[in-house]
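Novice: Structure in structure tokens, see below.
FYI, it's all coordinate maths here, none of it is from the lab. Remember, it's a predicted structure, so these values are computed and weren't measured experimentally. Note: ideal-geometry Cβ built from the backbone for every residue, glycine included; neighbour counts use all protein chains shown.
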There are 2 protein chains.
Amino acid sequence: MRISELAEQSGVPLPTIKYYLREGLLMPGTATSATRATYDDDHVRRLALIRALIDVAGLPVAKVRTIVAVLEDPGPSLFEALGKAIEALPPYDVERRAEHRRARHALDLLGQNYEPGSAAVAHLESALAGLESAGRPLRDDRLLEYGRQVRAIAEGEIATMTVDRAEDALEHAVLGTVLHEPLILALRRLAHQDLYLARSSAG
Amino acid sequence: MRISELAEQSGVPLPTIKYYLREGLLMPGTATSATRATYDDDHVRRLALIRALIDVAGLPVAKVRTIVAVLEDPGPSLFEALGKAIEALPPYDVERRAEHRRARHALDLLGQNYEPGSAAVAHLESALAGLESAGRPLRDDRLLEYGRQVRAIAEGEIATMTVDRAEDALEHAVLGTVLHEPLILALRRLAHQDLYLARSSAG
């Protein structure tokens, strides 16, 4: 299809598509003449990804570029590529401590494998340290319960992921993170509302 | 105790304590003379709350003031007070749409009671709209599964909450939200890591 048709089909305005092309977020079309190029369904799909990352999740263009680069060249290890792509997602301002003592203890207790240098380990360390400094350290039994419950959620999510094409798996993981995290948090606050209401009417 | 002892016991520097007093985040001590006041364990506890909200969760002072005001005067309905306190927590930039069609459908499906005007409903609407615009609308069966799983987490959290004193319940809810949300998200990303690793070694 022509670029004007791409704009129509994707719902992304033409000037914005040109901007994404210049910024290297959208791959170029196939040149059909010196001034024309043709686009296909991969471009429509990439535009949906870019819009989700920029408009819905609020990612800066530079981070989207990082994710796109991983999608286009995942390298030999899908696991490493997943790590790189997820690393480009917020939160960004997490302090990387030298050892992540609390997080390592927690992950050992949960019996989980992990990439020691990944941002998620730093996020866990920071969450556990925050609980500790607020005088509410997480007890091991509560950690195990959270670990079990959250793992069940993650299993449901991974079950629907196809890994036939690395790019599909990466896109699934990236969108699954930025779009499902706010969903889970909203559902949790609303579950609390429902439970509080039940309590207050019972009491 | 004197203010210098309060600083020592809480680990919060004296000038910072004075700042919190001026800003109305920390309640004044009991005056023992024209220039002296005495502080107690409630002050130590309040300081821990303020530090968690400002240093760990990154809340602006104005939002902490809102929460403190609710803690000090919860009013007749604990449920409404909880709503007001949780409302003061991020994310703040969620658009309030007129009707929240998707969120209302989801909550009806889950059979949950909720406060229609609460920020959490707007968060859910925004998450569901984001999934839709990314071409990945959440299917009802997946919503029901998420709802069930997240509710189990919320039940575990509420079980440990005491509602004998409104202030305790409010503090539990506020800290439970700002400190446990990042914990849950970190655990989820790490569960994905573990599951990806198991998949790649199996494949």
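Novice: Check B:GLY75 against each of (1) surrounded by fewer than 18 Cβ atoms within 10 Å (Cβ to Cβ); (2) closer than 19 Å to A:ALA134 by Cα and name the one condition it does not meet.
Specialist: B:GLY75 satisfies every listed condition except (2).
Novice: Here's another thing I want to ask about it. Which of the residues that make up the range B:14-40 are assigned to a loop (DSSP other than H, G, I, E, B) and under 27 Å from the mean Cα position of the chain (by Cα)? Quick ask: steps written out before the conclusion?
Specialist: Initial filter on the range B:14-40 (assigned to a loop (DSSP other than H, G, I, E, B)): B:23-29, B:32-36, B:39-40.
If the condition is that a residue be assigned to a loop (DSSP other than H, G, I, E, B) and under 27 Å from the mean Cα position of the chain (by Cα), then B:GLU23, B:GLY24, B:LEU25, B:LEU26, B:MET27, B:PRO28, B:GLY29, B:TYR39, B:ASP40 are the ones that fit.
Novice: Condition (residue is in contact with a Pro (Cβ under 9 Å, 6 or more places away or on another chain) and crowded, with 18+ Cβ neighbours inside 10 Å) applied to the range B:129-146: is it met by at least one residue?
Specialist: So the first thing to find is which residues in the range B:129-146 are in contact with a Pro (Cβ under 9 Å, 6 or more places away or on another chain), and the list is B:130-131.
Adding the requirement that they be crowded, with 18+ Cβ neighbours inside 10 Å leaves B:130-131.
Among the residues of the range B:129-146, at least one is in contact with a Pro (Cβ under 9 Å, 6 or more places away or on another chain) and crowded, with 18+ Cβ neighbours inside 10 Å, which makes the answer yes.
Yes/no per residue for (1) among the basic types (Lys, Arg); (2) in a helix (DSSP H, G or I); (3) within 14 Å of the chain's Cα centre (by Cα):
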position: B:LEU49; (1), (2), (3): no, yes, yes
position: B:LEU53; (1), (2), (3): no, yes, yes
position: B:LYS63; (1), (2), (3): yes, yes, yes
position: B:VAL68; (1), (2), (3): no, yes, yes
position: B:LEU71; (1), (2), (3): no, yes, yes
position: B:PRO76; (1), (2), (3): no, no, no
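Novice: Something else now. So which of A:ASP140, A:ASP194, A:ASP168, A:ASP164 ends up being more than 8 Å from chain B (Cβ to nearest Cβ) and more than 21 Å from B:SER201 (Cβ to Cβ)? Step through it out loud before you land on a result.
Specialist: On the way: A:ASP194 fails: more than 8 Å from chain B (Cβ to nearest Cβ); A:ASP168 fails: more than 21 Å from B:SER201 (Cβ to Cβ); A:ASP164 fails: more than 21 Å from B:SER201 (Cβ to Cβ).
None of the other options fit; the residue is A:ASP140.
Novice: Continuing with this model, one more query. Name the single residue that is nearest to the chain's Cα centre (by Cα) among those in the range B:146-203 being part of a helix (DSSP H, G or I) and polar (S, T, N, Q).
Specialist: Within the range B:146-203, the subset part of a helix (DSSP H, G or I) is B:146-159, B:166-202.
From what is left, the residues that are polar (S, T, N, Q) are B:149, B:177, B:193, B:200-201.
Values: B:GLN149: 19, B:THR177: 3, B:GLN193: 27, B:SER200: 37, B:SER201: 39 Å.
For the range B:146-203, the residue satisfying everything is B:THR177.
Novice: I'd like to check something: does the range A:18-26 contain any residue that is touching a Pro at 6+ places or on another chain (Cβ under 8 Å) and of a type outside the set (Gly, Ala, Ser)? Lay out the reasoning, then the answer.
Specialist: Initially, the range A:18-26 is screened for residues touching a Pro at 6+ places or on another chain (Cβ under 8 Å), giving A:21.
When the remaining residues are screened for being of a type outside the set (Gly, Ala, Ser), the result is A:21.
Yes, the conditions are met somewhere in the range A:18-26.
Novice: Can I ask one more? If the Cβ limit is 8 Å and pairs must be 6+ apart or interchain, which residue in the range B:63-85 that is among the basic types (Lys, Arg) pairs with which residue that is part of a helix (DSSP H, G or I)?
Specialist: Final answer for the pair search is B:LYS63/B:LEU53; B:LYS84/B:THR66; B:LYS84/B:VAL70.
Novice: Of all residues in the range B:97-117, count the ones that are touching a residue at least 12 places away in the same chain (Cβ under 8 Å) and facing another protein chain (nearest Cβ under 7 Å).
Specialist: 3
Novice: Report, by residue number, each residue of the range A:78-110 that is in contact with a Gly (Cβ under 9 Å, 6 or more places away or on another chain), in a loop (DSSP other than H, G, I, E, B) and over 13 Å from B:ALA186 (Cα atoms).
Specialist: Matches in the range A:78-110: A:ASP93, A:ARG96.
Novice: While we're on this one: Taking B:LEU6 as meeting all but one of (1) in contact (Cβ under 8 Å) with a residue 40 or more places away in the chain; (2) under 21 Å from B:GLU181 (Cα atoms), write down the number of the exception.
Specialist: (2)
Novice: If we scan the range B:40-53, do we find a residue that is in contact with a Pro (Cβ under 8 Å, 6 or more places away or on another chain), within 12 Å of another protein chain (Cβ to nearest Cβ) and of a type outside the set (Asp, Glu)?
Specialist: Within the range B:40-53, the subset in contact with a Pro (Cβ under 8 Å, 6 or more places away or on another chain) is none.
No.
Novice: OK, next. Just name the residue that is farthest from A:LEU59 (Cα to Cα) out of those in the range A:143-161 that are at the interface with another protein chain (Cβ under 7 Å from one of its Cβ atoms) and of a type in the set (D, E, K, R). Give the steps one after another, and end with the answer.
Specialist: Step one: filter the range A:143-161 for residues at the interface with another protein chain (Cβ under 7 Å from one of its Cβ atoms), giving A:145-147, A:149-156, A:158.
Right, trim to of a type in the set (D, E, K, R) and you get A:145, A:151, A:155.
Working: A:GLU145: 32, A:ARG151: 26, A:GLU155: 26 Å.
The qualifying residue farthest from A:LEU59 (Cα to Cα) is A:GLU145.
Novice: Taking the range B:118-130 only, how many residues are without any contact (Cβ under 8 Å) to a residue 12 or more places away in the chain and outside any helix (DSSP H, G or I)?
Specialist: Going through the range B:118-130, the residues without any contact (Cβ under 8 Å) to a residue 12 or more places away in the chain turn out to be B:127, B:130.
In the following step, the residues that additionally are outside any helix (DSSP H, G or I) were identified as none.
Here the count works out to 0.
Novice: Somewhere in the range A:59-68, is a residue facing another protein chain (nearest Cβ under 10 Å) and surrounded by fewer than 12 Cβ atoms within 10 Å (Cβ to Cβ)? It would help to see each step written out before you state the result.
Specialist: Filtering the range A:59-68 down to residues facing another protein chain (nearest Cβ under 10 Å) leaves none.
No, that holds for no residue.
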